[in-house]
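In what follows, a single structure is set out as C-alpha cells and then discussed.
Each reported figure results from applying straightforward, stated rules to the coordinates on display, with no laboratory input. Just so it is clear, the model here is predicted, and its values are computed rather than measured. Note that each Cβ is placed from the backbone with ideal geometry, even for glycine, and that neighbours are counted across all protein chains shown.
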Amino acid sequence: MNENEEQFTAAALAYSEKTLDHFRNPRNVGVVENYNGRGKIGEADCGDVCEITILVEEEQINDIKFRVYGCVGAVATSSAVTELAKGKHCEEALKLTDDDVVEFLDGLPDQKKHCSLLGIRALKQAIYDYWLYKQLLENGQVTNRIEHEQIREDLFQQFANEF
Ligand code: FES
C-alpha cells in the first residue's frame, strides 16, 4: 500500500458507515425541476461548493436536490441535509443545525465537521431565496425564475464590486 492509499484508508476508517453510504450513494442529487429556491455556498479554505435547489409549496419543502464539488464529508453531509429537510415546513427546516447533520450521520471526524455547514448554509440560503422570490412575484417585480436569477446575479455582482 503506498502512502496515498494508507492516508485514504485511515481517513475512510474515521467515517461512520452511514457517512460512507451517503458518500457512495448520495440521495437527491441534481437540480429540482421548476425549483423556486436556490442556495449556493462555497468554503473558501478548501474550495468545496454546495448548491441546493428546493421546490416549496404552501411553505413546505416538497422537493430538494443538491450538487456538490468537494470531499467525502461535503458529499455525505449535503446528501444528509436533503434527507433531513425534505417534507419539512420552511420555518422548521431553518432550525436544522450542523449538529443535526453530524448526529444523522452517526458522527463525523472532528476535522470534517466544518463540511456539515456547507449543506446547512446552502439550505438556509435556498429558503431565504424562495421567500425573496415569492415577495418579488407578489410585488410584480419579476414574473419568472429567469428574471429572479438575473436580479440575484446583478446583486452579487454589485456586492462583489463594492469589496
Ligand atoms: S474539506 Fe472542505 S467541505 Fe469538506
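Report the far tail of the P(r) of region 113-163, meaning the percent of Cα-Cα pairs longer than 15 Å.
The calculated P(r) of region 113-163 puts 58 percent of pairs beyond 15 Å.
Applying the Karplus parametrisation 6.51 cos²θ - 1.76 cosθ + 1.60 with θ = phi - 60° to the phi angles of region 54-70, what ³J(HN,Hα) value in whole Hz is obtained for each residue in order, glycine and proline being reported as x?
Coupling constants for region 54-70: 9, 10, 9, 10, 6, 6, 10, 7, 8, 8, 7, 9, 9, 9, 9, 10, x Hz.
Dipole size in debye (nearest 20) for region 14-162 around its Cα centre, Lys and Arg Cβ +1, Asp and Glu Cβ -1?
280
So which of K65/K86; K88/K112; K18/K113; K18/K88 end up more than 18 Å apart by C-alpha?
On the way: K65/K86 9 Å; K88/K112 26 Å; K18/K113 15 Å; K18/K88 22 Å.
From the list (K65/K86; K88/K112; K18/K113; K18/K88), the Cα-Cα distance tops 18 Å for K88/K112; K18/K88.
Highest mean first, what order results for 73-86, 21-34 on Cβ atoms within 10 Å? Please list the in-between numbers first.
On the way: 73-86: 25.0, 21-34: 14.4.
Averaged packing, sorted descending, gives the order 73-86, 21-34.
List the extent of the Cα atoms of the chain along each of their three principal axes, largest first, rounded to whole Å.
61, 37, 24
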